[in-house]
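Here, each number is a calculation from the coordinates, and none is a lab measurement. As the structure is a prediction and not an experimental result, all values here were calculated from the model. Heads up, the Cβs are rebuilt from the backbone with ideal geometry, glycines too, and the neighbour counts pull from every protein chain shown.
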Amino acid sequence: MYPKKELAQILISACHQFKIETVVISPGSRNAPLTIGFSNHSDIETFSIVDERSAAFFALGIAQQTQKPVAILCTSGSALLNYYPAIAEAFYSNIPLVVISADRPKHLIDIGDGQTIRQENVFENHILFSANLIENQSFKTRNSQLIGEALQIATSNQGPVHINIPFDEPLYETVSVLKDFHFPRISMSSLDNSHVDYSFFASIWNTAKKKIILVGVHYPNKKINELIHFYANDTSVLILTETTSNLHHKNVVDSIDQLIFSLDERQFKELQPEVLITFGGMIISKKIKQFLRLYQPKHHWDIDEKKATNTFFSLTEFIQQKPSDFFLAFNNSTQKVTSDYQKKWLSFRDEKRVKHQQYLDQIGHSDFKAFELILKSIPEDSQLQISNSSIIRYAQLFSIKDSVEVFCNRGTSGIDGSTSTAIGAAFASLKQTVFITGDLSFFYDSNGLWNDHIPANFRIVLINNSGGGIFKIIPGPSTTNATKYFETPHCLTAEHLSKMHGFEYHKAFSTDTVNEQIKDFYEVSEKPKILEIFTPSGDNNLILKTYFNYIQ
C-alpha cells in the first residue's frame, strides 16, 4: 500500500535512493501520504513518536550515533515549529537531520484555514538547505531537483535540511505500486589538501616552546586519538581535553577548570601559549575561554571541515580540513622541541588531582559526591550521555574511563531534549547507554519517556536537587530578590513517571544508599531503570565553592 500522490512517491523514492534508512513520524493527517508510504517501505524503518520535540531529539540521537541522516516527518501547522530546538542543535553539532513537513497548498495559506502557518523557509537561520515543493505536475522536474539536492547536502555536509511538501486533499488514496524515480547526484566540491602550506605551519610550530592543543566536542575516533598521541610526548605541547572530546592519554589535562581555576596573573602568563591549535565542537569550560581571551596566543589555528570558530577572538589561521587529515600530514613536518612547558603543567595537574581526591574523601552527600560514585560505577565500554547545565560542568571535574564514549548536546547547550537524545542514542548504539541528568532537564523533557523503543539496558541517573542548581553556582542570581524564578524550586520526584512509562525505579538519599543501589543497577533487566539521587539543595553550591578554594 503506497500513496497515490506522485509527489509523495517522488520523495519516498528519493529517500530510499539516498539511503535514508530511518524515519521518525509524528501523527497527523496532512502528512498521511508520506506516513502511509514510509511505513510500508520494506527498506525504511519507521517510528511513531507523538511529541514532535521529543521525536526530533530522538532522531538526533540516532543520527549522532550512526553518523547517517535520519528523517523526521510531521503534519502542518505548529507541529513543525516544535522541531526547531533539535534542528538548531543539529546545525551547530553537524548532525544530519532531514526535516520533512507536510503543508497546505499555497492558496490555503493566510486565509483562516485551520492548522496552517507560513512554513516555507521557517528555519532559514539554522538550516543548510530548504526545499519548498509545489504539488503540480508542471513542477515535477524542479521538485525532484530540490529533493535530491536537499538529501545530498544533508549527507555530504552533515547537517539539517528542510523539505516542505504541500498536499491538497484527498490525502488517504493508495495504490499497490511505488514508482521508481532516478535522482542524479550533484557534484559537491571536496576539500583539497594541497591548499594547505604545511611548511608554513611547521616553521612556526618547530620554533615555539609553549604550545596548546585544545579539543572540544568530538565524536570517538581512534585515528585522531593515535595522531594526537604524537604530541602528548612532545615536552613543548600541553594538550587540554574536555569530557566530550573522547580523547585520552596519560599526558593530557582532562579537567581544565581543575588546573586553571586558582592561577594568578604570573602563572597565567607562564601558561599563555605561543601557538594554540583547536578542533572539535563547542568548548564548555568558561575558565579556559576567559584565560585564552585575556592571554591570547600569537598564533591560533582552528581546524574544521566546515567553518572557522573564533571563540577566543585570536584566530590567525582557519585550516579547512578534517583534523585527522591535517595531523596525518602535519606530523611529518613537525619536530619535537625541548621545553619544560608540558612537564611543569602536568606536575601542577597531578597536584590538583591529589587535592581533588582528598576533598572528595572528606565531604558528605551532595551533587559532587554523587558524581564521584556514579562516574566510577559506569561500566567499561559503555556510552555515557550527559545533560546540560550543572550536570556537564560537574562531569568536567572528573576523569572518565578511557573506554567510555561521552556525548552531550553542546551545539546549543539546551536542556530541552537531553533525555530524548539519549534514548535515540541508546536505541542506535550496541553499547549500554547511561544517561546522567538533572531534575529540571529531566522533567522538562519527560515526554521523552513516551517512547516504545527504549532498550531494556538503558539507565538514567537522575540527580534531584529540587531546582536549578546551576543558578546557585554562577554569580548573580543570589544577589537578586528573584531567585525562585532562576532556581525554580520544586518537590517533584520521578517515581510515578517511572511507573507510568514502564521503568524500574530506584532512589537514594545518602552516600551509603547510592553505593547500595548502584551495585546491581547495570545488570541485565527486563525494563530500563531510573536511579533518582536526592541531594541537599542548600549544601551543593557551598560544597562546590569550597572545593575550588581547597584545591588552590
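Taken over the stretch 1-128, the convex hull of the Cα atoms encloses 103 Å³ per residue. Take the Cβ atoms of residue 169 and residue 50, set R0 to 25 Å, and the FRET efficiency comes out at 0.60.
Could you list the trypsin sites (Lys or Arg not before Pro) in the stretch 96-160 that lie in coil according to DSSP, counting only those with at most 11 other Cβ atoms within 10 Å of their Cβ? For trypsin sites (Lys or Arg not before Pro) across the stretch 96-160 that sit outside H, G, I, E and B with at most 11 neighbouring Cβ atoms in 10 Å, the list reads 118. Roughly what would the spin-label model give for residue 500 and residue 118, points 7 Å off Cα along C-beta, in nm? According to this spin-label approximation, the distance is 3.7 nm. Per residue, the chain reaches -10500 deg cm²/dmol at 222 nm when only DSSP H runs of four or more residues are counted, each adding -39500 (n - 2.57).
Stretched out straight at 0.36 nm per residue, the stretch from residue 42 to residue 550 would grow longer than its current Cα-Cα span by 176.8 nm.
Only Lys, Arg, Asp and Glu carry charge here, each on its Cβ (+1 for the first two, -1 for the last two); on that basis the chain has a dipole of about 1260 debye about its Cα centre. Kindly identify the stretch 122-240 as rounded, prolate or oblate by the Cα gyration tensor criterion: order the square roots of the eigenvalues as a ≥ b ≥ c, call it rounded if a/c is under 1.5, otherwise compare a/b with b/c, prolate if a/b is larger, else oblate. Prolate shape, in that a/c is at least 1.5 and a/b is the bigger ratio. Each DSSP beta bridge with both residues in the stretch 2-170 is either parallel or antiparallel, and the antiparallel ones are about 0%. Zone of residue 197 (label point 7 Å along Cα→Cβ, backbone N under 14 Å): which residues in the stretch 305-326? The answer is 317-319.
When its C-alpha radius of gyration is set against 2.2 N^0.38 Å (N residues), the stretch 363-415 gives a value of 1.16.
The stretch between residue 132 and residue 306, if pulled fully straight at 0.36 nm per residue, gains 60.2 nm over its current Cα-Cα span.
Taking label points 7 Å from Cα along the Cα-to-Cβ direction, residue 108 and residue 233 give a separation of 6.7 nm.
Taking the DSSP beta bridges in the chain as the whole, what percent of them are antiparallel, to the nearest 5? So the antiparallel bridges in the chain amount to around 5 percent. Classify the stretch 204-272 from the C-alpha gyration tensor, please: rounded if a/c falls under 1.5, else prolate or oblate depending on whether a/b exceeds b/c. Because a/c hits 1.5 or more and a/b fails to exceed b/c, the stretch 204-272 counts as oblate. Loop-located chymotrypsin sites (Phe, Trp or Tyr not before Pro) in the stretch 254-354 (DSSP state not H, G, I, E or B) with no more than 13 neighbouring Cβ atoms inside 10 Å: 313.
Taking trypsin sites (Lys or Arg not before Pro) across the stretch 252-308, the ones in a DSSP loop with at most 11 further Cβ atoms lying within 10 angstrom of their Cβ are 307.
Scanning residues 5 or more positions from residue 48 or on other chains, those with amide H under 5 Å from its amide H are 25, with H placed 1.01 Å from N in the peptide plane.
The stretch between residue 512 and residue 381 holds 44.6 nm of extra length on full extension. This uses 0.36 nm per residue minus the Cα-Cα distance. Each of 129, 141, 164 was scored by the projection of its Cα onto the charge dipole of the stretch 72-179, and the greatest displacement toward the positive side belongs to 141; charges sit on the C-beta of Lys, Arg, Asp and Glu. Basic side chains Lys and Arg get +1 at the Cβ, acidic Asp and Glu get -1 at the Cβ, and with that the dipole of the stretch 196-343 about its Cα centre reaches some 120 debye.
Only the Cβ atoms of Lys and Arg (+1) and of Asp and Glu (-1) were treated as charged; on that basis the dipole of the stretch 363-550 about its Cα centre amounts to roughly 400 debye.
Size check on the stretch 363-550: the Cα extents along the three principal axes, sorted descending, read 47, 32, 32 Å.
Computed over the Cα atoms of the stretch 71-151, pair by distinct pair, the Kirkwood hydrodynamic radius stands at 13.7 angstrom.
Treating r as the C-beta distance of residue 78 and residue 180 and R0 as 25 Å, the FRET efficiency rounds to 0.10. Which of rounded, prolate or oblate describes the stretch 196-343 when judged by the alpha-carbon gyration tensor and an a/c cut-off of 1.5? Note, shape of the stretch 196-343 comes out rounded. Listed cross-link partners 269/369; 269/322; 287/344; 222/343; 287/352 are compared with a 22 Å cut-off, the Cα-Cα value being larger for 269/369; 269/322; 222/343. Taking the DSSP bridge list for the stretch 363-550 and keeping only pairs wholly inside it, about 0 percent are antiparallel.
When the Cα convex hull of the chain is projected onto planes of every orientation, the mean area is 27.3 nm². Could you state the number of Å between the C-alpha centres of the stretch 40-82 and the stretch 494-520? Each part reduced to its Cα centre gives a spacing of 30 Å.
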